[in-house]
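Chemist: Provided herewith is a single structure, encoded as structure tokens, for subsequent inquiry.
The values are calculated or read from the model by the stated rules, or taken from the named source; none is laboratory data. Predicted model only: the values in this text are computed from it and were never measured. Here the Cβ is made from the backbone with ideal geometry for all residues, glycine too, and neighbour counts use every protein chain on show.
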Amino acid sequence: MRTRYADLFEALSDPDPERADRAFDAILFDRAEALPELTECYKSAKRNARLRYLVIQLMGFADSTDAIPTIVDATNDPHPIVRAEACRALEDLIASDHLAVLEERLNDLDGRVRLAAKEAIENIKEAH
């Protein structure tokens, strides 16, 4: 992982909200270029649900289908905030080929995930 992104990912978890926001904005600015690092960060942040959530959010904003495999994996994340964000990220990418993945989340144990999946399905279908 390039040092620049490693430092920014560390800053995303900073208790200082201004530093965390600056890091998010810096990654957001060049999110398409950061996609390999975002994928690596998601896979390595096993104990940090907030970081995985932010990474999936950034991947949804990447406007790249290359982000979809990791986002699909995140629909099965152990933490519901990450699963819900993965549903929203698939919606952001208008991932109509992955409606079945979203439909599986309609049976999630967490209501936030079910709602995110329902809204994503509706909005993707509406966009087509």
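Chemist: Return the pair list, or none, for Cβ contacts closer than 8 Å from residues in segment 90-102 that are at positive phi to residues that are buried (at least 20 other Cβ atoms within 10 Å of the Cβ) and of a type outside the set (Phe, Trp, Tyr), at least 6 apart or on different chains.
Modeler: Pairs that qualify, where the first residue is at positive phi and the partner is buried (at least 20 other Cβ atoms within 10 Å of the Cβ) and of a type outside the set (Phe, Trp, Tyr), are 94/124.
Chemist: Based on this model, can you work out whether residue 44 counts as touching a residue at least 12 places away in the same chain (Cβ under 8 Å) and more than 9 Å from the chain's Cα centre (by Cα)? Write out each step before concluding.
Modeler: Numbers: touching a residue at least 12 places away in the same chain (Cβ under 8 Å): no; more than 9 Å from the chain's Cα centre (by Cα): yes.
In short, no.
Chemist: So is residue 81 hydrophobic (A, V, I, L, M, F, W, C), in contact with an Asp or Glu (Cβ under 8 Å, 6 or more places away or on another chain) and closer than 24 Å to residue 117 by Cα or not?
Modeler: Working: hydrophobic (A, V, I, L, M, F, W, C): yes; in contact with an Asp or Glu (Cβ under 8 Å, 6 or more places away or on another chain): no; closer than 24 Å to residue 117 by Cα: yes.
No, not satisfied.
Chemist: In this structure, is residue 77 within 24 Å of residue 5 (Cβ to Cβ) and assigned to a loop (DSSP other than H, G, I, E, B)?
Modeler: Values: within 24 Å of residue 5 (Cβ to Cβ): yes; assigned to a loop (DSSP other than H, G, I, E, B): yes.
The answer is yes for residue 77.
Chemist: Let me ask another. Name the residues in segment 102-113 that are closer than 23 Å to residue 69 by Cβ and either of a type in the set (S, T, N, Q) or over 16 Å from the mean Cα position of the chain (by Cα) (or both), would you?
Modeler: Correct list: 103, 104, 106, 107, 108, 110.
Chemist: Out of all the residues in segment 33-77, which are over 12 Å from residue 90 (Cα atoms) and in contact with an Asp or Glu (Cβ under 7 Å, 6 or more places away or on another chain)?
Modeler: 35, 52, 53
A quick yes/no check of all residues on (1) within 25 Å of residue 105 (Cβ to Cβ); (2) of a type in the set (Gly, Ala, Ser); (3) over 13 Å from the mean Cα position of the chain (by Cα); (4) part of a helix (DSSP H, G or I):
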site	(1), (2), (3), (4)
1	no, no, yes, no
8	no, no, yes, yes
26	no, yes, yes, yes
62	yes, yes, no, no
68	yes, no, no, yes
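Chemist: Listed residues 97, 63; which is modelled with pLDDT under 95 and among the acidic types (Asp, Glu)?
Modeler: Details: 97 fails: modelled with pLDDT under 95.
Selected residue: 63, the only one of 97, 63 that is modelled with pLDDT under 95 and among the acidic types (Asp, Glu).
Chemist: Please specify each residue of segment 100-118 satisfying the condition of being part of a helix (DSSP H, G or I) and surrounded by 15 or more Cβ atoms within 10 Å (Cβ to Cβ).
Modeler: The initial filter retains those residues of segment 100-118 that are part of a helix (DSSP H, G or I), namely 100-105, 111-118.
101, 102, 105, 113, 114, 115, 116, 117, 118, listed by residue number.
Chemist: Still on this structure, please answer the following. Please determine, by comparing only the residues of segment 72-92 that are of a type in the set (A, V, I, L, M) and crowded, with 20+ Cβ neighbours inside 10 Å, which one is farthest from residue 128 (Cα to Cα).
Modeler: Within segment 72-92, the subset of a type in the set (A, V, I, L, M) is 72, 74, 81-82, 84, 86, 89-90.
Then keep just the ones that are crowded, with 20+ Cβ neighbours inside 10 Å; that gives 74, 82, 84, 86, 89-90.
Numbers: 74: 24, 82: 26, 84: 22, 86: 20, 89: 17, 90: 14 Å.
Out of the qualifying residues, it is 82.
Chemist: Next question. Test of understanding: among 31, 47, 52, which residue is closer than 27 Å to residue 99 by Cα and assigned to a loop (DSSP other than H, G, I, E, B)?
Modeler: On the way: 47 fails: closer than 27 Å to residue 99 by Cα; 52 fails: assigned to a loop (DSSP other than H, G, I, E, B).
None of the others qualify; the one that does is 31.
Chemist: Let me ask you something else. Would a scan of segment 11-20 turn up a residue that is modelled with pLDDT of 95 or more, part of a helix (DSSP H, G or I) and within 13 Å of the chain's Cα centre (by Cα)?
Modeler: No, that holds for no residue.
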